[in-house]
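Notes for the one structure printed next.
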């Protein structure tokens, strides 16, 4: 089955600097890659996603890049703010009619230092 | 904006007891999921449900687990005889699969504590 690895496990960044989180996946058939932000005790919230037919997607301070050949994708947060502090999970989905399950990475705890 | 809801928010039960966790997915969604997250760990897939049947289940989802969509709006996860290691946060999620919509929306979770 699909395996997703994520690093780093923890990341501390000065407010205003950029943060980058990287994930690799194993199944070359995977076609959808969402990123979730999870604050303490809360639900995972989708912040951005990318499909396999696209190399990059941006939404204000957040961007995701996908390299299908290398089977890795990254989350980029620019101009970080204290409210960006959270655990971030990457995930992937392999096409399978009737089942859209997500395989999650192990998470990155991002701390923004004021 | 529509949201997935879950009840209860916290359930404490004794080992060996049955628990039912409830979810109300977003109304026009077609795919339903249960995930769990042990404290401090990643989110793990348990089961997916489509067209009134299980479409896939993980190794975690053994005979002690079952899911139902009894009335067209609720989606439940039952654990027949809870074990200590079932203690976790359980998230329900739903999605409207289509050519343009893969997004899965998560509920707020039920924290299950087995003592």
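Residues in the range A:41-60 that are closer than 20 Å to residue A:10 by Cα, touching a strand residue (DSSP E or B) at 6+ places or on another chain (Cβ under 8 Å) and either modelled with pLDDT under 95 or surrounded by fewer than 16 Cβ atoms within 10 Å (Cβ to Cβ) (or both): 4 in all. The criterion of at least 2 residues that are touching a helix residue (DSSP H, G or I) at 6+ places or on another chain (Cβ under 7 Å) is met by the following strands (runs of 3 or more DSSP E) wholly inside the range B:49-115: B:110-114. Residues being modelled with pLDDT of 95 or more, within 23 Å of residue B:95 (Cα to Cα) and away from chain B (no Cβ under 11 Å) are entirely absent from the range A:100-108. Candidates are the residues of the range A:61-99 that are within 11 Å of another protein chain (Cβ to nearest Cβ) and out of contact with any strand residue (DSSP E or B) (no Cβ under 7 Å at 6 or more places or on another chain); the one that is nearest to residue A:2 (Cα to Cα) is A:94.
Would you say residue B:6 is under 12 Å from the mean Cα position of the chain (by Cα) and not in a loop (DSSP other than H, G, I, E, B)? Break it down into steps so the answer makes sense when it comes.
Values: under 12 Å from the mean Cα position of the chain (by Cα): yes; not in a loop (DSSP other than H, G, I, E, B): yes.
Judged against the criteria, residue B:6 is a match.
The residue that is farthest from the chain's Cα centre (by Cα), among those in the range B:22-45 that are surrounded by 22 or more Cβ atoms within 10 Å (Cβ to Cβ) and in a strand (DSSP E or B), is B:43.
Give the number of residues within the range B:65-111 that are more than 14 Å from chain A (Cβ to nearest Cβ) and either surrounded by 14 or more Cβ atoms within 10 Å (Cβ to Cβ) or touching a strand residue (DSSP E or B) at 6+ places or on another chain (Cβ under 9 Å) (or both).
Final tally of qualifying residues: 19.
Only one of A:4, A:13, A:64 is surrounded by 13 or more Cβ atoms within 10 Å (Cβ to Cβ) and either without any contact (Cβ under 8 Å) to a residue 12 or more places away in the chain or in contact with a helix residue (DSSP H, G or I) (Cβ under 9 Å, 6 or more places away or on another chain) (or both). Can you tell me which? Matching residue, one of A:4, A:13, A:64: A:13. Just one of the numbered conditions (1) touching a strand residue (DSSP E or B) at 6+ places or on another chain (Cβ under 8 Å); (2) farther than 22 Å from residue A:88 by Cβ; (3) within 14 Å of chain A (Cβ to nearest Cβ) is not true of residue B:45: (2).
Before we move on, is residue B:115 away from every other protein chain (no Cβ under 13 Å), modelled with pLDDT of 95 or more and surrounded by 17 or more Cβ atoms within 10 Å (Cβ to Cβ)? It is false that residue B:115 is away from every other protein chain (no Cβ under 13 Å), modelled with pLDDT of 95 or more and surrounded by 17 or more Cβ atoms within 10 Å (Cβ to Cβ). Could you tell me whether residue B:19 is away from chain A (no Cβ under 14 Å), at negative phi and buried (at least 17 other Cβ atoms within 10 Å of the Cβ)? Answer is yes for this residue.
The values are calculated or read from the model by the stated rules, or taken from the named source; none is laboratory data. Since this is a predicted model, take the numbers as computed values, not measurements. Ideal geometry is used to build each Cβ from the backbone, glycine not excepted, and the neighbour counts take in all protein chains shown.
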